[in-house]
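Notes to accompany the following structure.
The values are calculated or read from the model by the stated rules, or taken from the named source; none is laboratory data. All of these numbers come straight from a predicted model, not from anything done at the bench. Ideal geometry is used to build each Cβ from the backbone, glycine not excepted, and the neighbour counts take in all protein chains shown.
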Amino acid sequence: MSLLSVLTPLLLMQVGPNPNGVDAMAAPDITRNRPPRPSDPSDPLKLNNPNAAWLAQCLQQMESDPARAHSQAQIKRSQALGAEKVVANHCLGLASTELGLWDDAREAFISARDATPAEQQRARARFGAMAGNAALAGGDAEGALALLATARTDAESASSATLQVIAALDTARALVSLGRGEEALVPLDTATTLAPMESEGWLLKATLYRRLERLGDAQAAVEQAAAIAPLDVEIGLEAGVIAILGGREDAARQSWQSVIDTQPDSLAAQTAKSYLAQIGPATTAAP
């Protein structure tokens, strides 16, 4: 199989968002949804609220039986006021996430945010970001954008770079899913500026640049990601795709082989093997 025959379909597949959210032959896609990140253990809501013991019990229950935790949180919420309602919605949202009940999760996180006092902007930002992520996972990218914009504002007021980055990354995902890739570069720039030593932002930026056919920028971004997390197999997959699209077959082979060597039994390794199979064996130049 010639390199040109591989590059042609790849170039066609890389442009614009795939309606299913994943490219046919691509590394981690920027539109991939992920569950909300776990609550920050330093969150003042968990440290200072008298209902912390109930929340801890509900979260523990969620690990073994999320459906039961979901029911317990619903009962608690129906009887609660003030801070009790916040923790009930907190657990309800997380249990709903575990169960894939994205509308329930979104509603619960919004309720938790709205019941949190205005001065607790960090907690409000976290709940807002989780609500935005639930909306994105549920297929409502427009709704996610509105929720994430509010979360970013609260995070900025709380001077929380971490929460600003979380909201920025999901804002980028939402924009890409709406076909607004160029706009998505802005929140990704925010993420990599605020957290330059976190590889996720650089990887998503590399993936987006590739989809926008800006391979030079994609290469620079994936190199930055690899420097931060050299053993991350998702970065290795993306680096290989960028290399093959740039006509650097040997570099692509090396990247994909490194994925296989690093985590031979992983899904990423299976994907890397399929990529290598598609481009066929390396050719040896005639003397």
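Summary table below
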| item | result |
| --- | --- |
| In region 191-218, the residues that are surrounded by fewer than 18 Cβ atoms within 10 Å (Cβ to Cβ) and within 15 Å of the chain's Cα centre (by Cα) | Glu198 |
| Helices (runs of 4 or more DSSP H) within region 1-101 that include 2 or more residues at pLDDT 50 or above | 52-64, 66-79, 83-99 |
| Condition check for Ala229: surrounded by 24 or more Cβ atoms within 10 Å (Cβ to Cβ), among the hydrophobic types (A, V, I, L, M, F, W, C) and either over 24 Å from Gly139 (Cα atoms) or at pLDDT 95 or above (or both) | no |
| Total residues in region 209-236, condition closer than 22 Å to Leu267 by Cβ, out of contact with any Phe, Trp or Tyr (no Cβ under 8 Å at 6 or more places or on another chain) and not small (Gly, Ala, Ser) | 8 |
| Single unsatisfied condition, Ala221 versus (1) part of a helix (DSSP H, G or I); (2) surrounded by fewer than 24 Cβ atoms within 10 Å (Cβ to Cβ) | (2) |
| Search result, residues across region 246-277 that are of a type in the set (S, T, N, Q) and either touching a Cys at 6+ places or on another chain (Cβ under 7 Å) or part of a helix (DSSP H, G or I) (or both) | Gln254, Ser255, Gln257, Ser258, Thr262, Gln270, Thr271, Ser274 |
